[in-house]
Structure formats: structure tokens, C-alpha cells
Amino acid sequence: MSALLLLACAAPDPDALLRAGKLAPARSAWIEAGGRSFPESHGTAQALATRAPGEPWITMSVLVEFTEAAALLDVVPDTRLQDVDVSFERWQPMGACLAATLSAPWRVAVGRTEMVDDPDPVAVGRPFEGVPYRKGRVVGTAAALQPARQGAAAIELAALFAGLDADPPSHRVTLALTDAEGPLALNLTRRNGAWWTVSATDGAAAAALILRCGSP
């Protein structure tokens with residue numbers, strides 16, 4: 001078989017299609033190659049696809065991960081939250097504890113509220129920054145969608161939380177998570193050198209989580 005015929009039969013490269021600005025064909029090629037389906041019309045997917053031609057860090061894998069994280073943050077309600085009043089000093093020590101409490105498949109997503117000086121979400125920016133969701137920007141995410149990913153996901157979660165310690169967002173932070181037990185979301189704010197959980201979708205579960213995993 002000639003080299004030209006081999007090239008013609010080769011499966012399309014989803015990342016190459018994404019960098020060429022072709023999200024729909026990239027999505028089709030991604031799914032055909034075994035990748036997870038995602039809503040092409042989601043605002044996060046659209047924003048990352050717009051930025052992808054100028055930002056090599058945006059691959060189909062990254063686009064899907066951030067779209068799934070944004071979708072988790074999108075559904076955190078604005079009302080009927082329960083008041084919570086517990087605090088912790090540092091995020092990083094919580095990573096291993098939180099990962100150990102979650103059962104695969106699980107995902108954790110961290111978002112922050114939008115700020116007036118945030119750049120346009122489709123403008124070229126710094127890697128892994130400025131990714132939009134419905135109410136703000138996605139700070140980061142970690143997930144173990146299969147049990148075999150548990151160890152690697154715990155490391156990713158610790159790195160995400162370490163980043164929050166190193167560069168704390170100045171506005172409200174939302175921690176959203178979901179696993180086999182269902183979703184939970186916490187809203188937090190930084191005050192007097194500590195992180196205070198001010199509201200949650202389940203106040204008792206949120207308080208138990210912080211008391212169990214929060215740093216002393």
C-alpha cells in the first residue's frame with residue numbers, strides 16, 4: 001500500500017482539527033477515537049476552541065476536562081443554600097484527604113467569581129487561566145473517572161490546592177465536587193488569613209468535610 005493511501009486512511013487528529021479552528025470535526029474525531037462526548041455548544045468549549053489556534057496548551061483533552069469542570073460549577077445554585085461557618089488555613093493539606101473520601105468516578109472543580117478587570121474569555125491568555133463558566137472563571141479541576149486514576153488524580157488535586165495557597169483568589173471561591181454519593185458545593189471567602197466556608201448546598205456535609213480534611 002502506498003504512503004499516500006496510508007495517509008488517506010489515517011484517522012484525523014482531533015488536536016490538529018481543534019488548532020485549525022474546526023471544533024465540530026475535532027469533536028467527531030475525538031469521540032471516534034474513544035474520547036468522552038461533550039456538548040459542543042457549551043460556552044466553555046466554545047471559548048477554548050476560539051483560543052485554541054493561538055494557544056498550544058489547549059488540546060481536546062484539556063477542552064473536555066475544563067468543559068466538564070465548568071458544567072459542574074454551572075449548576076451550583078444561587079439561592080436556597082445553607083449557611084456554614086467553618087474555616088481552614090491552607091488548601092494543600094486537604095488534597096489527599098478529600099481525594100481519599102471520594103469514590104470514582106469523581107470530579108472536583110474550583111471556580112472564582114468574575115472580576116471587572118477579567119479579560120475577554122475568548123482573548124488569548126496565559127495557560128490554564130481565564131477559562132469561563134456561567135458565573136466566573138474556572139481555577140482548575142481534578143478527576144478520577146476510573147478507579148485506576150485515583151492516585152494520579154490525588155496528585156493533581158494537591159497541585160490545584162497548592163496553587164490556591166500560592167496565589168489566593170481575591171474574590172469568592174466555589175468548590176464543587178461530585179462522586180458516587182452525589183454533588184456538593186461550597187462557597188468560600190478569604191478573611192483574616194483563613195478560608196471561611198460561608199454557604200453550601202448541604203451545610204452539614206460541608207462542615208463535616210472541612211472539619212475532617214481542613215488544616216488545623
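So what J values fall out for segment 72-79 if you push phi through Karplus, 6.51 cos²θ - 1.76 cosθ + 1.60 with θ = phi - 60°, rounded to Hz, Gly and Pro as x?
After applying 6.51 cos²θ - 1.76 cosθ + 1.60, I find 5, 6, 4, 8, 5, x, 8, 10 Hz.
Accessible area per residue for the chain in Å², computed with a 1.4 Å probe and the full protein assembly in place, what is it?
50 Å²
Starting from segment 1-99, pick out the chymotrypsin sites (Phe, Trp or Tyr not before Pro) whose DSSP state is loop and whose Cβ has at most 16 other Cβ atoms within 10 Å.
TRP57
Would you kindly calculate the mean projected area, averaged across all directions, of the convex hull enclosing the Cα atoms of segment 77-138, in square nanometres?
Mean projected area for segment 77-138: 6.8 nm², to one decimal.
List the trypsin sites (Lys or Arg not before Pro) within segment 119-216 that fall in a DSSP loop (any state other than H, G, I, E or B) and whose Cβ has at most 16 other Cβ atoms within 10 Å.
ARG134, LYS135, ARG172
What's log10 of I(q)/I(0) for segment 132-184 at q = 0.27 Å⁻¹, Debye sum over Cα points only, no solvent?
Per q value, in the given order, log10 I(q)/I(0) is -1.19.
Would you please report the Å³ per residue occupied by the convex hull of the alpha carbon atoms in segment 26-127?
About 175 Å³ per residue, rounded to a whole number.
What does the convex hull of the Cα atoms come to per residue for the chain, in Å³?
Output value, Cα hull per residue: 133 Å³.
Which of THR79, ALA33, THR59 sits farthest toward the positive end of the charge dipole of segment 1-92, with +1 on the Cβ of Lys and Arg and -1 on the Cβ of Asp and Glu?
Projecting each Cα onto the dipole axis, the largest value belongs to ALA33.
At 1.567 mPa s and 4 °C, plugging the Kirkwood radius over alpha-carbon pairs of segment 103-147 into Stokes-Einstein gives what diffusion coefficient in µm²/s?
The Stokes-Einstein estimate is 110 µm²/s.
Over the alpha-carbon set of segment 50-103, divide Rg by the Kirkwood Rh and report the Rg/Rh ratio to two decimals.
That ratio is 1.10, to two decimals.
Give me the percent of accessible area attributable to carbon and sulfur for the chain, probe 1.4 angstrom.
57 percent
The values are calculated or read from the model by the stated rules, or taken from the named source; none is laboratory data. Quick caveat: nothing in here was measured; it's all calculated off a predicted structure. Here Cβ is always computed from backbone atoms with ideal geometry, including for glycine, and neighbour counts include all displayed protein chains. Surface areas here come from the heavy atoms of the whole protein model, side chains and all, with no ligands, DNA or RNA. Shrake-Rupley method; radii C 1.70, N 1.55, O 1.52, S 1.80 Å.
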